[in-house]
There are 2 protein chains.
Amino acid sequence: MDRIFGFAGGDSGSWKVDSLRAVRGEPLTPVARLSVVEPGMAYPAGARWLLRGVMSNERYVTHEERSGLRAVQEGLGRPASVSGAMIPIRKNPAWWELAQDERRAIMEEQSKHIRTGLRYLPAISRRLYHSRDLGETFDFITWFEFAPADAEAFEELVAALRASEEWRYVERETDFRMSLG
Amino acid sequence: MDRIFGFAGGDSGSWKVDSLRAVRGEPLTPVARLSVVEPGMAYPAGARWLLRGVMSNERYVTHEERSGLRAVQEGLGRPASVSGAMIPIRKNPAWWELAQDERRAIMEEQSKHIRTGLRYLPAISRRLYHSRDLGETFDFITWFEFAPADAEAFEELVAALRASEEWRYVERETDFRMSLG
């Protein structure tokens, strides 16, 4: 019943790390490659660090919003999606002290997080992993995949999110840009 | 940064298991005692089974509801609270497939889960541990503490929850009744 995905940074893995930037807070040690380890699989030897996360139930998306997302989204692993990004973030204690309705209001009604993501579908595929309850350093890991031609759209997406009210609660964020092969 | 609590069933631990009943689904192996293991502490030798869970952020409670709860609730470990109950449950896949607004509507607007719990405060102290994302067999462990004089009130509380719409999604539930000492 292991549900935990691993993200191992080191010298091996199918994703080549093209750049790594500490957007906020302490950086992670730079690595050449990144390996995604499915639940229950062995971690690669010689990794410099390992992040962990689980795919969990949705915490904010309503039924209607989800229908909108599902109508257009595509999965990971599309042949043309040879560009990727991994963005682990940690939110501050003030965020976690908010009640559910307050977090939802900041995240969507004020920051339009869900609507912004939808605008870039299906080009920018996205998957969220939850890390906080596992005792990890980061709270979430978001994984993105897209074709090189959509790189500019991806920059717009992350810029919009970083300019949002929700991002005022982000206290640590590292941005990895990667390519397959 | 370990956040994981353990609940070890066996022959040791400060809680004596007075009864154990499989309300729904497969039972757990009967044990004489239960030990609560704080994050980072060693598990007792010879445990027959171990459940794990984390205290996490609230998933449904609104700011207003939380203010109401906080105004009257008391913590665990009160000297007079020598009676306890541990109720691990697992919800079915249909529950987890629901969106956030649908789960909230069933849980509170239809089932009055939060309001029902509030009605029995401060007598029945309660703490929720989340287990699902850890890959555990159960999704949640709810822990209750109360004075022996409030045992009847506790029966009312669990009966009300089990009669609710929300409980139609519960596919496994075991009910441990315990006493301190």
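The values are calculated or read from the model by the stated rules, or taken from the named source; none is laboratory data. This is a predicted model, so every value here is computed, not measured. Glycine also receives a Cβ, built like all others from the backbone with ideal geometry; neighbour counts cover every protein chain displayed. With ligands, DNA and RNA removed, areas are computed over all heavy atoms of the protein, side chains included. Shrake-Rupley method; radii C 1.70, N 1.55, O 1.52, S 1.80 Å.
Quick notes on this structure:
- Within the stretch B:22-41, being out of contact with any Ser or Thr (no Cβ under 7 Å at 6 or more places or on another chain) and either part of a strand (DSSP E or B) or of a type in the set (A, V, I, L, M, F, W, C) (or both) holds for B:Arg24, B:Val31, B:Ala32, B:Leu34, B:Val36, B:Val37, B:Met41.
- In the stretch B:118-129, the residues that are under 20 Å from B:Ile4 (Cβ atoms) and of a type in the set (Ser, Thr, Tyr) reach residues that are at pLDDT 95 or above and surrounded by fewer than 17 Cβ atoms within 10 Å (Cβ to Cβ) with C-beta atoms within less than 7 angstrom, at least six apart or across chains, in these pairs: B:Tyr129/B:Met55.
- Among the residues making up the stretch B:61-88, a single one is within 30 Å of B:Leu50 (Cβ to Cβ), among the β-branched types (Val, Ile, Thr) and surrounded by fewer than 17 Cβ atoms within 10 Å (Cβ to Cβ): B:Val82.
- Candidates are the residues of the stretch A:132-172 that are in contact with a Pro (Cβ under 9 Å, 6 or more places away or on another chain) and among the β-branched types (Val, Ile, Thr); the one that is most open to solvent (accessible area, probe 1.4 Å) is A:Thr137.
Every residue, every condition in (1) touching a helix residue (DSSP H, G or I) at 6+ places or on another chain (Cβ under 6 Å); (2) in a helix (DSSP H, G or I), yes or no:
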| site | (1), (2) |
| --- | --- |
| A:Ser67 | no, yes |
| A:Glu74 | no, no |
| A:Arg78 | no, no |
| A:Gly84 | no, no |
| A:Ile87 | no, no |
| A:Trp95 | yes, yes |
| A:Arg104 | no, yes |
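- Output for the stretch B:135-181, where each listed residue is basic (Lys, Arg) and outside any helix (DSSP H, G or I): B:Arg172, B:Arg177
- Residue in the stretch B:41-55 that is farthest from the other protein chains (Cβ to nearest Cβ), counting only those that are of a type outside the set (D, E, K, R) and crowded, with 16+ Cβ neighbours inside 10 Å: B:Pro44
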